[in-house]
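Data first, discussion second: the structure below is written as structure tokens.
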């Protein structure tokens, strides 16, 4: 088998006779689902960025993409080098896709670290912040849980976990949905609105308004990623 450097780590390429439960980037074992014992899918969009298991509420083992981003500056672009090696190995048609996916993963780790630095002192994860903002933008500050999960594009378990944490902190309340006998309404509280506005002000100042994220190229990147999301079935328009 061949080791190819990707984003400062080694990715093992080739076939193996035995299935592996290790993360191909870090080499560390992936966290196990507490119910099935099988490795959990590593999806930063569906798993609460607090690193808590959405089923048990217990902390998950460290995810290398959620640890602080190193400040060491490399003398070369490891992803560009990986793309060159991909082509050298005869994988020309996949080289650009590999570089794009790996760049997205690395960029996600970078912006996640910026967001976490802002939200952690407020006892928020980005998933909880998104739920607070979604509720604050509604006319009456409340939504059925199922609709909130659909709008946030997360698994029902994840939105339930986020709502439970927010409710424990006094930022939302949950109760029966009068229009659905089996449904649950989640409602933002005054404290939740205050926290959401404070978090938004800080994120706008320290993350969303950063020069790196405000260039014309970023607007073009949003359009490119929007096309990718639409093609993947994220939304119809």
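Only one of these is surrounded by 12 or more Cβ atoms within 10 Å (Cβ to Cβ), in contact with a helix residue (DSSP H, G or I) (Cβ under 8 Å, 6 or more places away or on another chain) and not in a loop (DSSP other than H, G, I, E, B): 226, 174. Name it.
Residue meeting the stated conditions: 174.
What number of residues within the stretch 177-212 satisfy the criterion of being at pLDDT 95 or above and assigned to a helix (DSSP H, G or I)?
Going through the stretch 177-212 one residue at a time, the tally reaches 19.
So is residue 206 in contact (Cβ under 8 Å) with a residue 60 or more places away in the chain and over 18 Å from residue 116 (Cβ atoms) or not?
In short, no.
On the given criteria, is residue 156 in the same structural domain as residue 191 (by TED's automatic domain parsing), loosely packed, with under 15 Cβ neighbours inside 10 Å and either more than 27 Å from residue 204 (Cβ to Cβ) or touching a strand residue (DSSP E or B) at 6+ places or on another chain (Cβ under 6 Å) (or both)?
Against the criterion (in the same structural domain as residue 191 (by TED's automatic domain parsing), loosely packed, with under 15 Cβ neighbours inside 10 Å and either more than 27 Å from residue 204 (Cβ to Cβ) or touching a strand residue (DSSP E or B) at 6+ places or on another chain (Cβ under 6 Å) (or both)), residue 156 qualifies.
What number goes with the only condition from (1) within 16 Å of residue 133 (Cβ to Cβ); (2) part of a helix (DSSP H, G or I) that residue 157 does not pass?
Among (1) within 16 Å of residue 133 (Cβ to Cβ); (2) part of a helix (DSSP H, G or I), the lone unmet condition for residue 157 is (1).
(1) within 25 Å of residue 111 (Cβ to Cβ); (2) touching a strand residue (DSSP E or B) at 6+ places or on another chain (Cβ under 8 Å): which one isn't true of residue 233, the others all being true?
Going through the list (1) within 25 Å of residue 111 (Cβ to Cβ); (2) touching a strand residue (DSSP E or B) at 6+ places or on another chain (Cβ under 8 Å), residue 233 breaks only (2).
Of the conditions (1) touching a residue at least 12 places away in the same chain (Cβ under 8 Å); (2) under 14 Å from residue 124 (Cα atoms), residue 174 satisfies every one except a single condition; which number is it?
Among (1) touching a residue at least 12 places away in the same chain (Cβ under 8 Å); (2) under 14 Å from residue 124 (Cα atoms), the lone unmet condition for residue 174 is (2).
Give the residues of the stretch 113-154 that are under 15 Å from residue 169 (Cα atoms) and assigned to a helix (DSSP H, G or I), sorted by residue number.
119, 120, 121, 122, 127, 128, 129, 131, 132
The values are calculated or read from the model by the stated rules, or taken from the named source; none is laboratory data. Keep in mind that what you see is a predicted model, and the values were worked out from it rather than measured. Neighbour counts are summed over all protein chains in view; Cβ atoms, including those assigned to glycine, are modelled from backbone coordinates with ideal geometry.
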